[in-house]
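So the structure is just underneath, and the comments pick up after that.
The values are calculated or read from the model by the stated rules, or taken from the named source; none is laboratory data. Worth saying up front: this structure is predicted, and the values here are computed from it rather than measured. Virtual Cβ from ideal backbone geometry, glycine too; neighbours counted across all protein chains shown. Heads up: the accessible areas ignore ligands, DNA and RNA and are worked out on the full protein's heavy atoms, side chains in. Shrake-Rupley method; radii C 1.70, N 1.55, O 1.52, S 1.80 Å.
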Amino acid sequence: MMAKLPGLGPRSARRAVLHMIRKRALVLTPLSEVMATVAATARECLNCGNVGTADICDICNDPKRENGQMCIVEDVADLWAMERSGVFKGRYHVLGGTLSALDSIGPDELRIPRLMSRIGPEAVQEVILALNATIDGQTTAHYIADQLEGQVSVTSLAQGVPIGGELDYLDDGTITAALNARRPV
Amino acid sequence: MDWRDTGILLSTRKHGETSAIIEVFTPDHGRHAGVVRGGTSRKLAPSLQPGAQLDVSWRARLEDHIGAFTVEPQRSRAAHAMGDRLSLAGLNAVVGLLAFALPEREPHPDLYTRTEALLDLLGQSDIWPLGYLRWELALLEDMGFGLDLSCCAVTGATEGLEFVSPRSGRAVSAAGAGAWKERLLPLPPCMLGQGDAPDNEILQALRTTGHFLEHHLAPQLRGRPIPAARGQFLDRLARRA
């Protein structure tokens, strides 16, 4: 069962299981208790799609985060990445994927209708599209921007050279995007 | 079994934790799928965006195996398309229609050449819609549903062609249409290579080609629906028109 988890193969799963058995009191028992709690309580936030332990997650419940900004992300892993940076102080909306013509994923398969219904009641003034810089991600971003046209300000994350990146190692697409988004110094 | 070719990436699907299954359109091997080991890695994933030009080497033990690709990115077209909504919708429509219409492993070298030329025009939104229309006509031709717009199917006249027969795909002149003109499809001048090809004319022409995609080509492909990306491109063009 462990070998089926992402990032683990049969060998690494065996090592992990042996480690847990050897450290039963220190690792296995607490881990099993935590896993049981997570299995019983973890659920998707009915408002934004984040994972939490209640119907409405901590971020949606926090009045300090009601600053008029809403960040749109593809999945929960992206939300966690944004939270790790600690820069964004508004609320989120997790789409649960991207539009894909080839895979027949349309707006109704994602949480786009729910997003539209949040804009007015939550007094959102700016929607920040933090979607992947892929064809599907940007197609989704353009679709959402079209839907929100005239209602709120819509911005998206910049694309270009990563911090610590060397130009020599960048693909031509990233260099093109960075050059198109250049700014005065 | 192995071969090496150049190709346009049509789609990428995650396969396992680190690999991807890609579909490429190559001049000599047609639409061909294969596994790319490490295709979801940080190094390779940015290059595996639809529309990318790749140098691909395919290898498999038997010919009917899916096989594995070794890819060398030649140029990315995603960056040109992402910033412009019309280009992005157009790119999605092209790769969607190719994945929809092309049979697997059947070479279509002429269509490949036209596709490569069309995708290289991405970002030039003033001429791209006309290029797309001509490409769609070439796609229909290659799939065996080419339109014959050389002369009127009724009178044989080569002037005054205004309609297309929805059944035969042949041009019909205004005089030849008679009382049937309500049932015929429009033939705007841009389909004949005439005029300035404004957006509304191109839209009209794309509705005509759409009829043949939907009612002639799709039924041959087990009635699969036309990719939604084509409709989204038409919507985007209609907004601009």
Problem - Residue check, B:P166 touching a His at 6+ places or on another chain (Cβ under 8 Å) and either farther than 17 Å from B:W128 by Cβ or open to solvent by 20 Å² or more (accessible area, probe 1.4 Å) (or both) - result: yes
Exercise for the section: Might you let me know whether the stretch B:135-156 holds any residue that is modelled with pLDDT under 95, open to solvent by less than 30 Å² (accessible area, probe 1.4 Å), in contact with a Phe, Trp or Tyr (Cβ under 6 Å, 6 or more places away or on another chain) and over 29 Å from B:G38 (Cβ atoms)? Expected result: no
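Return yes when B:R230 is farther than 18 Å from B:G131 by Cβ, out of contact with any strand residue (DSSP E or B) (no Cβ under 8 Å at 6 or more places or on another chain) and modelled with pLDDT under 95 and no when it is not. Show your work before the answer.
On the way: farther than 18 Å from B:G131 by Cβ: no; out of contact with any strand residue (DSSP E or B) (no Cβ under 8 Å at 6 or more places or on another chain): yes; modelled with pLDDT under 95: yes.
Here the answer is no, as B:R230 does not meet what is asked.
Scan the strands (runs of 3 or more DSSP E) fully inside the stretch B:1-77 and keep the ones with 3 or more residues being within 23 Å of A:P162 (Cβ to Cβ) and open to solvent by 30 Å² or more (accessible area, probe 1.4 Å). Give the derivation first.
Values: elements: B:2-15, B:19-26, B:30-36, B:53-59, B:68-75.
In the stretch B:1-77, B:68-75 are the strands (runs of 3 or more DSSP E) which contain 3 or more residues that are within 23 Å of A:P162 (Cβ to Cβ) and open to solvent by 30 Å² or more (accessible area, probe 1.4 Å).
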Exercise for the section: For the stretch A:141-174, enumerate the residues that are assigned to a helix (DSSP H, G or I), over 24 Å from A:V73 (Cα atoms) and not aromatic (F, W, Y). Expected result: A:L167, A:D168, A:D172
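Yes or no, residue by residue, for (1) surrounded by 17 or more Cβ atoms within 10 Å (Cβ to Cβ); (2) in contact with a Leu (Cβ under 6 Å, 6 or more places away or on another chain); (3) among the hydroxyl-bearing types (S, T, Y); (4) under 29 Å from A:D103 (Cβ atoms):
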residue: B:E182; (1), (2), (3), (4): no, no, no, no
residue: B:R207; (1), (2), (3), (4): no, no, no, yes
residue: B:A218; (1), (2), (3), (4): no, no, no, yes
residue: B:L221; (1), (2), (3), (4): no, no, no, yes
residue: B:F233; (1), (2), (3), (4): yes, no, no, yes
residue: B:R240; (1), (2), (3), (4): no, no, no, yes
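Provide a single number: the residues in the stretch B:8-24 that are more than 15 Å from A:L102 (Cα to Cα) and touching a Gly at 6+ places or on another chain (Cβ under 8 Å). Spell out how you get there, then give the answer.
Going residue by residue through the stretch B:8-24, those that are more than 15 Å from A:L102 (Cα to Cα) are B:8, B:15-20.
Keeping just the survivors that are touching a Gly at 6+ places or on another chain (Cβ under 8 Å) gives B:8, B:15, B:17-20.
Of the residues in that region, 6 qualify.
What are the residues in the stretch B:26-53 that are among the aliphatic types (A, V, I, L, M) and away from chain A (no Cβ under 12 Å), if any? I'd like the intermediate steps shown before the answer.
If we filter the stretch B:26-53 for residues that are among the aliphatic types (A, V, I, L, M), which is where we start, we get B:33, B:35-36, B:44-45, B:48, B:52.
Scanning the stretch B:26-53 gives B:A33, B:V35, B:V36.
For the stretch B:99-122: of the residues being assigned to a loop (DSSP other than H, G, I, E, B) and closer than 19 Å to B:M143 by Cα, which is farthest from the other protein chains (Cβ to nearest Cβ)?
Step by step, filter the stretch B:99-122, then rank; the result is B:P107.
Report yes if some residue within the stretch A:146-153 is acidic (D, E), within 13 Å of chain B (Cβ to nearest Cβ) and open to solvent by less than 40 Å² (accessible area, probe 1.4 Å); otherwise report no. Steps first, answer last, please.
Residues of the stretch A:146-153 that are acidic (D, E), as a first pass: A:146, A:149.
Subset that is within 13 Å of chain B (Cβ to nearest Cβ): A:146, A:149.
After this cut, where a residue has to be open to solvent by less than 40 Å² (accessible area, probe 1.4 Å) as well, the list is A:146.
Yes: one or more hits.
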Practice task
All but one of (1) under 28 Å from B:R85 (Cα atoms); (2) in a loop (DSSP other than H, G, I, E, B) hold for B:A218, so report the exception by its number.
Solution key: (2)
Exercise for the section: Just one of (1) within 12 Å of another protein chain (Cβ to nearest Cβ); (2) surrounded by fewer than 16 Cβ atoms within 10 Å (Cβ to Cβ); (3) among the hydrophobic types (A, V, I, L, M, F, W, C) trips up A:A141, so point out which. Expected result: (2)
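I need the helices (runs of 4 or more DSSP H) fully contained in the stretch A:29-136, keeping only those with at least 3 residues that are surrounded by 13 or more Cβ atoms within 10 Å (Cβ to Cβ) and touching a residue at least 24 places away in the same chain (Cβ under 8 Å).
Details: elements: A:29-41, A:58-61, A:76-85, A:112-119.
The qualifying helices (runs of 4 or more DSSP H) are A:76-85, A:112-119.
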Completion exercise
Pairs returned, first residue in the stretch B:195-207 that is farther than 15 Å from B:L161 by Cα, second residue that is of a type in the set (D, E, K, R), beta-carbon separation under 8 angstrom, 6 or more apart or interchain, are B:D199/B:R240; B:L206/B:E136
Exercise for the section: For the stretch A:155-163, indicate whether the set of residues that are at pLDDT 90 or above and touching an Asp or Glu at 6+ places or on another chain (Cβ under 6 Å) is non-empty. Expected result: no
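Here is a yes/no grid of residues against (1) in a loop (DSSP other than H, G, I, E, B); (2) within 13 Å of the chain's Cα centre (by Cα); (3) over 22 Å from B:G90 (Cα atoms):
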site: B:G144; (1), (2), (3): yes, no, yes
site: B:A153; (1), (2), (3): yes, no, yes
site: B:G176; (1), (2), (3): no, no, yes
site: B:E214; (1), (2), (3): no, no, no
site: B:G223; (1), (2), (3): yes, no, yes
Fill in the blank from the handout: If you go through B:G67, B:G90, B:G96, the only one that is facing chain A (nearest Cβ under 9 Å) and not hydrophobic (A, V, I, L, M, F, W, C) is B:G96
